[in-house]
């Protein structure tokens with residue numbers, strides 16, 4: 001691929017995107033409260049509007065890896081993946097009614113503060129350290145992976161991409177805090193939509209009509225939604241997408257620090273619930289747009305697959321390749337696309353800088369040493385800046401880590417189920433204790449890591465492609481036939497079952513250990529006879545309050561009866 005693909009307008013659009021994002025950070029640094037308190041820097045003074053927070057929730061979820069991977073997913077394996085948005089829909093009331101009220105009621109900046117109140121300090125530290133390691137590795141990859149895809153196709157130097165994007169988001173996240181992060185997410189989301197939708201629009205023009213996309217995709221087997229198999233070794237089925245998608249959604253939106261922190265930036269529980277309800281259609285539309293772009297590009301390349309013909313070396317390069325191959329004749333369109341990919345990276349990394357700063361100040365420094373109150377806001381900003389630089393460091397060394405790249409991406413999925421299990425144990429049971437929670441988390445992580453890192457494992461089977469119309473005499477590579485029986489069963493499981501398995505493992509092991517190994521709960525160590533209902537999911541909390549009220553009434557009657565008897 002030639003390297004002089006960018007024109008003047010492309011550079012102008014990319015530069016304008018980065019300058020506007022940074023300018024928003026500068027604006028919030030010198031306006032309002034000027035980020036002088038942690039309440040403003042980490043939680044935007046809890047007075048953000050509903051729609052910006054809803055869009056920000058989507059932007060934090062959808063990284064550049066998600067955008068590029070979503071389109072290549074449907075190109076390679078078909079449109080069935082889009083069904084994962086269904087459990088996102090019915091997962092929303094689960095979060096808003098069962099998990100979110102607990103966090104909002106406590107008004108704690110770090111979600112892991114809940115774990116100490118419910119269990120103890122050891123599980124809090126173990127879980128927050130797990131989160132920190134996961135996010136550091138993941139965000140390094142979020143910076144690195146899109147830069148590699150863009151360099152391979154457009155010639156845009158990867159080091160420049162990493163530096164420009166990494167330093168930009170570190171700067172505005174450090175200067176403007178949560179307000180800047182949320183508002184820039186809105187701008188960046190618009191660019192993400194523009195980038196992805198433009199691909200579909202150009203494909204439909206190139207094919208002679210929007211309906212041609214679906215006609216060709218159906219003929220190529222990309223619109224098959226009929227897989228209802230109950231076998232967990234099937235990559236995508238109705239069962240795996242609904243169950244796995246639900247647990248994945250809950251792990252991200254119900255208990256993940258990055259998302260919960262955003263949900264606490266509004267003034268009331270009702271508004272926080274509204275943010276989550278509005279974020280679902282925004283997320284679903286972005287997911288659908290990305291997947292639609294994938295089958296649109298399949299319709300264009302159905303007789304000359306870019307990967308098989310050697311035009312690209314990895315499927316993540318598919319969308320950038322199409323933009324350069326078919327769209328760059330229009331001035332600025334390549335710049336718009338790159339700005340959209342950069343925006344997806346910016347939104348994810350800046351969100352992580354802010355959330356990790358919160359965890360560091362509250363869970364680590366707040367527990368290990370006494371810090372003067374006047375120093376805390378400065379240390380929080382310093383932590384956000386340091387994490388941004390750490391992400392840059394991980395991105396720069398990523399190319400030397402080889403297989404660890406896939407490992408880092410896998411960790412993001414591996415951790416979700418077990419961590420959700422720990423919070424679920426705490427909120428939905430009164431008998432679970434710290435020993436059970438710690439044992440359950442370690443067991444769950446060990447199991448999911450084993451399932452995902454175990455080798456050898458079979459490669460998923462791609463849907464058929466063709467190279468008939470390629471200019472060069474290209475032949476499809478011969479793919480050796482795979483016998484699934486040759487592989488260990490756990491290594492053949494669909495990746496969508498990882499989080500549910502981790503969740504179930506934590507719930508089972510944690511419950512058994514808690515019932516067998518009884519020791520004092522935090523409220524018992526504090527001298528109380530009953531737990532604080534605020535630590536439990538609303539239905540259980542309501543039952544606890546009723547039970548405590550009945551016991552209180554009985555005690556009052558007993559005291560009255562005793563007093564009456566003594567007076568006689």
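The rows are residues; the columns are (1) closer than 21 Å to residue 57 by Cβ; (2) touching a helix residue (DSSP H, G or I) at 6+ places or on another chain (Cβ under 7 Å).
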| position | (1), (2) |
| --- | --- |
| 160 | no, no |
| 174 | no, yes |
| 219 | no, no |
| 222 | no, yes |
| 232 | no, yes |
| 243 | no, yes |
| 246 | yes, yes |
Problem set entry | Odd one out for residue 493, checked against (1) more than 20 Å from residue 458 (Cα to Cα); (2) crowded, with 18+ Cβ neighbours inside 10 Å | (1)
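Conditions tested, residue by residue: (1) within 30 Å of residue 129 (Cα to Cα); (2) assigned to a helix (DSSP H, G or I).
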| site | (1), (2) |
| --- | --- |
| 195 | no, yes |
| 200 | no, yes |
| 205 | no, yes |
| 212 | no, yes |
| 218 | no, yes |
| 228 | no, no |
| 255 | yes, no |
| 267 | yes, no |
Exercise. If residue 77 passes every condition in (1) touching a helix residue (DSSP H, G or I) at 6+ places or on another chain (Cβ under 8 Å); (2) buried (at least 18 other Cβ atoms within 10 Å of the Cβ) but one, which one does it miss?
Worked result: (1)
Exercise. Does at least one position in the range 348-371 carry a residue that is in contact with a helix residue (DSSP H, G or I) (Cβ under 6 Å, 6 or more places away or on another chain) and under 20 Å from residue 71 (Cβ atoms)?
Worked result: yes
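Looking at 96, 132, which is the one that is modelled with pLDDT of 95 or more and either crowded, with 18+ Cβ neighbours inside 10 Å or within 29 Å of residue 520 (Cα to Cα) (or both)?
96
Quick check on the range 509-520. Is at least one of its residues at pLDDT below 90, surrounded by fewer than 10 Cβ atoms within 10 Å (Cβ to Cβ) and either in contact with a strand residue (DSSP E or B) (Cβ under 8 Å, 6 or more places away or on another chain) or in a loop (DSSP other than H, G, I, E, B) (or both)?
For the range 509-520, residues at pLDDT below 90, surrounded by fewer than 10 Cβ atoms within 10 Å (Cβ to Cβ) and either in contact with a strand residue (DSSP E or B) (Cβ under 8 Å, 6 or more places away or on another chain) or in a loop (DSSP other than H, G, I, E, B) (or both): absent.
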Exercise. Counting only residues that are at pLDDT 80 or above and assigned to a helix (DSSP H, G or I), how many does the range 526-557 have?
Worked result: 15
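Collect the residues in the range 177-186 that are crowded, with 24+ Cβ neighbours inside 10 Å and within 21 Å of residue 339 (Cα to Cα), keeping them in residue-number order.
Scanning the range 177-186 gives 180, 181, 182, 184, 185.
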Exercise. Which helices (runs of 4 or more DSSP H) does the range 302-391 wholly contain that include 2 or more residues that are under 30 Å from residue 157 (Cβ atoms) and under 27 Å from the mean Cα position of the chain (by Cα)?
Worked result: 318-322, 333-359
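The values are calculated or read from the model by the stated rules, or taken from the named source; none is laboratory data. Model, not experiment: these values are computed from the prediction. No Cβ is skipped: glycine too gets one built from the backbone with ideal geometry, and neighbour counts run over all protein chains shown.
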